[in-house]
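To start, the structure itself, in structure tokens.
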Amino acid sequence: MGMETAPHVPVLLAPILRLCAPITGTWLDGTFGAGGYTRGLLDAGAGRVIAVDRDPLAFELAADWAGQYGDRLVMQQGVFSKMDTYATDLDGIVLDLGVSSMQLDRAERGFSFMRDGPLDMRMSQQGISAADIVNEAEEETIANILFQYGEERASRRIAKAIVAARPLHTTLELVAVIERCLPRPKPGQSHPATRSFQALRIAVNDEYGELFQGLMAAERALKPGGQLAVVTFHSVEDR
């Protein structure tokens, strides 16, 4: 891993730094990931950043560069829904709800529908996995997950096909089942499995429960007048 140069810079880092300027005092980055927001905040003038991630891998990968910030960078393994137990009186909080490139780039974590890996998708590497849901949940439960979390209109057809194809062990086995249920994508359309994989990831990691609790915790953790920046990438999160 020591080969890497600058890690992935989050797409909305610059606008957030601009909107929240001047960046001072103590900030909390609730979705540390590859560390893009944390580094951006520290370089922009934050006195301290408390970096929270439920994935232990995030902090292992940051070992290369974290030392340059000394005690200005505090790494906290945990979930952002408990952020008010890690810090209070914060000047600002940033949450980027997209899945981290760090997780997508590792086929063995099972987040990617482009590369074969086990049906895992657990950000914290513990608890129920995508394989547990796909192989053990009732057909109706699977259909509801795909529809509510992925806004997948073919949810019932896909759920029925999943149950018929059990047991499924790898991401590409699941992709093949989904592809048989949907028309071939036209040029420029997203991959047929996109919505289903998003839905399973959200269910496995209870992302909506986390978001709801995280927004409540943010209110408790911020000082009066503190700033909260939330980056979302799909419509259910936005709502």
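A short reminder: the numbers here are calculations on the coordinates, not readings from a lab. It should be emphasised that the depicted structure is a prediction, and the values quoted were computed from it without experimental measurement. Virtual Cβ from ideal backbone geometry, glycine too; neighbours counted across all protein chains shown.
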(Q) Please report the projected area of region 83-186's Cα convex hull averaged over all directions, in nm². (A) 8.8
Q: Taking amide H positions as placed in the peptide plane 1.01 Å from N, state which residues far from Glu152 in sequence (5 or more) or on other chains have amide H under 5 Å from it.
A: Phe147
Q. Each residue of region 194-210 in turn: what ³J(HN,Hα) in whole Hz from Karplus with 6.51, -1.76, 1.60 and θ = phi - 60°, glycine and Pro shown as x?
A. 3, 5, 5, 5, 4, 4, 5, 4, 5, 5, 4, 9, 6, 5, 6, x, 4
Q: Take the alpha carbon atoms of region 165-213, find their center, do the same for region 113-161, and report the distance between the two centers in whole angstrom.
A: 7
Q) Once the dipole of the chain is set up with Lys and Arg at +1 and Asp and Glu at -1 on Cβ about the Cα centre, which of Ala87, Ser124, Ile145 lies farthest towards its positive end? A) Ile145
Q: Note down the relative contact order for the chain as a percent, whole number, built from C-alpha pairs under 8 angstrom at least six residues apart.
A: 22
Q: In nm, give the distance between the simple-model label positions of Arg180 and Arg115, each being 7 Å from the Cα along the Cα-to-Cβ direction.
A: 2.7
(Q) Between Leu215 and Gln125, how high is the FRET efficiency from 1/(1 + (r/R0)^6) when r is the Cβ-Cβ distance and R₀ = 25 Å? Nearest 0.05. (A) 0.50
Q | In Hz, Karplus ³J(HN,Hα) per residue of region 59-73 (6.51, -1.76, 1.60; θ = phi - 60°; x = Gly, Pro) | A | 6, 4, 5, 7, 4, 4, 10, 4, x, 5, 9, x, 7, 6, 10
Q: Could you name the aspartates and glutamates whose alpha carbon sits less than 18 Å from that of Lys223, not counting residues in the same chain fewer than 8 places away?
A: Asp29, Asp84, Asp89, Asp91
Q: Excluding residues fewer than 8 places away in the same chain, name every one of the lysines whose C-alpha is closer than 27 Å to that of Lys186.
A: Lys160
Q. Along the charge dipole of the chain, Cβ charges K/R +1 and D/E -1, which of Ala159, Val134, Ala62 sits furthest on the positive end?
A. Ala159
